[in-house]
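Peer 1: One structure is given below, represented as structure tokens, and several questions about it will come after.
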Amino acid sequence: MAERITSRANPLMAHIRRLAASRSHRHETGEFLGDGAKLLEEAVRWGAALTAVVYTPGTALPALPEGVRLVEVPEDVMRSVSPMEAPQGALFLARIPDRTPPEALPGGRYLALEGVQDPGNVGAILRTADAFGAGGLILLPGCADLYNHKTVRSSMGALFRLPTWSCTLEQLRTLSVRTGLPLLGTALREDTALVSIMYANNEIGTIQPVAEIGAICRKAGVPFHTDAVQAAGHLPIDVEGMSIDLLSLSAHKFHGPKGVGVLYIRKGIPFPATFLDGGGQERGRRAGTENVAGIVGLGEALTEALEELPEKTSRVTAMRDRLISELTKLPKSRLNGHPDRRLPGNCNISFQGVEGEALLLLLDNHDICASSGSACTSGSLDPSHVLLAIGLPHEIAHGSLRLSLGDMNTPDEVEEILKAVPQVVERLRAMSPVWEKIKDN
């Protein structure tokens, strides 16, 4: 039995009006607002989880499942709430399949999409995923909302049948490790020449599953290189056990001299006969007089760094965890990077309502050296591209603080940091024109 509503101020009408006006509201409520009797027929045919149908007198409706709220409204009310300039007789609400990344993905194949914005591609993507036998869609940052394009009419079955999750690259990596999602394995081709992965990220400290990646590459016969600059001297590395073919490291990351590094090449891996023309140094591969003092310094520094490495790592990790535990207690703060799979000395936290550059200047007055991004971009005022890539908006990425600890730091120094940072954050927020707007939101 249909109920009749004659006022656009009715709570249901107001809810539909908000859905029609705000993309973000659709995400928060997990609902899809459909328009038109024809689209409603498709939604019913494909088993959409309908919750309400609003229609005008004289509109022919399909047979609806039990439990669907049926509402009749006058033409003027329909026009006031419909997202269409010319309403087509009916509107409906349906629950969107779960958009929250699960703890683990069920077995099967998944289609990960990034940067899909053209509405003309949406229908083709849905149909392809369905034909591919995908267990679901994973929408990465930059994807248009598949549920808000008219082109889904031809793909309504896939739209409501495929579970769809929105997540960041960091969440996707976590899912990949946790569930064995074979993203890399499916990406490798016969003509793939090299896979190169950063062992650990220099800004947010996340450690990649290097051994698992190495095993996939070894099985596929593809050379595997890892940039271990952040890991060498801080984490145990086994080039044989991790199936690493090429590895690069730099001395200055473990207290060695600047300007000298190492490229490890496993025997039998193809490499240019001449990397730098000139003299015959480095077996003719790299011309130029060797920096003997730098090379010796690197060797000695690495030897010293690896001495009692487990004990050093444990002590630095404890100081790092102390920083993270206390600083994330501040209102509107968040840890960036994986909570556990991260470098022992890396602490990267964002504070809303604070500019990173001002944070660094005031911490410098407390004799605390920190950064708001990587050393490679220290001259840039742009927010960290790493933080943007994991899904942080510009305004939060701008308020990031990176603190790096080493085995020469002490617990007393950590306590000094914990004393200074809250004071500086509170001072900057007191001067911020936006803090009052966001602190209770």
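The values are calculated or read from the model by the stated rules, or taken from the named source; none is laboratory data. Please read all numbers here as calculations on a predicted model, not as lab measurements. Because the Cβ atoms are built from the backbone with ideal geometry, glycine has one as well, and the counts that use them run over all protein chains shown. The area values use the complete protein model at the heavy-atom level, side chains included, leaving out ligands, DNA and RNA. Shrake-Rupley method; radii C 1.70, N 1.55, O 1.52, S 1.80 Å.
Peer 1: Give me the percent of DSSP beta bridges within the range 224-364 that run antiparallel, rounded to the nearest 5.
Peer 2: Working: 8 of 12 bridges.
Bridges in the range 224-364 are about 65 percent antiparallel.
Peer 1: Now for a separate question. Identify all lysines with a Cα-Cα distance to Lys439 below 24 Å; exclude those on the same chain that are fewer than 8 residues away in sequence.
Peer 2: Lys439 reaches Lys329, Lys332, Lys419.
Peer 1: If you keep only loop residues by DSSP, which GluC sites (Glu not before Pro) in the range 306-350 have at most 16 other Cβ atoms within 10 Å of their Cβ? Intermediate values should be presented prior to the final figure.
Peer 2: Details: sites: Glu307, Glu308, Glu311, Glu326; in loops: Glu307, Glu308.
Here the GluC sites (Glu not before Pro) that fit, given the DSSP loop and packing criteria, are Glu307, Glu308.
Peer 1: Now for a different question. Given R₀ = 25 Å, what would the calculated FRET efficiency be for Ile265 paired with Asp340, taking r from the Cβ atoms and rounding to 0.05? Each step should come with its number before you reach the end.
Peer 2: Details: r = 32 Å, r/R0 = 1.27.
The calculated FRET efficiency here is 0.20.
Peer 1: Same structure again: Once R0 is set to 35 Å, what does the formula 1/(1 + (r/R0)^6) return for the Cβ-Cβ distance between His394 and Ala2, expressed as a FRET efficiency to the nearest 0.05? The partial results should precede the final answer.
Peer 2: Values: r = 47 Å, r/R0 = 1.34.
Efficiency computed from Cβ-Cβ geometry: 0.15.
Peer 1: Percentage of Cα-Cα pair distances in the range 306-354 greater than 17 Å, rounded to whole percent? Walk me through the numbers on the way to the answer.
Peer 2: Numbers: 446 of 1176 pairs.
Percent of Cα pairs beyond 17 Å in the range 306-354: 38.
Peer 1: Sequence-distant or interchain residues sharing an amide H contact under 5 Å with Glu31, placed H: which?
Peer 2: Distant-sequence amide H within range of Glu31: Ile96.
Peer 1: So, in Å, what gap is there between the alpha-carbon centers of the range 34-65 and the range 236-267?
Peer 2: 62
Peer 1: Using the Cα centre as the reference, give the magnitude of the dipole from point charges on the C-beta atoms of the range 295-336 (Lys, Arg: +1; Asp, Glu: -1; all else neutral), rounded to the nearest 20 debye. Walk me through the numbers before you get to the answer.
Peer 2: Numbers: 7 positive and 7 negative charges, 117 e Å.
Result for the range 295-336 is approximately 560 debye, rounded to the nearest 20.
Peer 1: Under a 1.4 Å probe, what is the accessible area of the range 260-314 per residue, stated in Å²?
Peer 2: Values: 4020 Å² over 55 residues.
Result: 73 Å² of accessible area for each residue.
Peer 1: Same structure, new question: With a ≥ b ≥ c taken as the square roots of the eigenvalues of the C-alpha gyration tensor of the range 382-441, please select rounded if a/c is under 1.5 and otherwise prolate if a/b is larger than b/c or oblate if it is not? List each step's numbers first, then the result.
Peer 2: Details: a/c = 3.22, a/b = 1.34, b/c = 2.41.
Judged from the Cα gyration tensor, the range 382-441 comes out oblate (a/c at least 1.5, b/c at or above a/b).
Peer 1: Please report the antiparallel percentage of DSSP beta bridges with both residues in the range 200-281, rounded to the nearest 5. Could you put the intermediate results ahead of the total?
Peer 2: Values: 6 of 9 bridges.
Close to 65 percent.
Peer 1: So which trypsin sites (Lys or Arg not before Pro) in the range 276-316 pass both tests, a DSSP loop state and at most 16 other Cβ atoms within 10 Å of the Cβ?
Peer 2: Details: sites: Arg283, Arg285, Arg286, Lys312, Arg315; in loops: Arg285.
For trypsin sites (Lys or Arg not before Pro) across the range 276-316 that sit outside H, G, I, E and B with at most 16 neighbouring Cβ atoms in 10 Å, the list reads Arg285.
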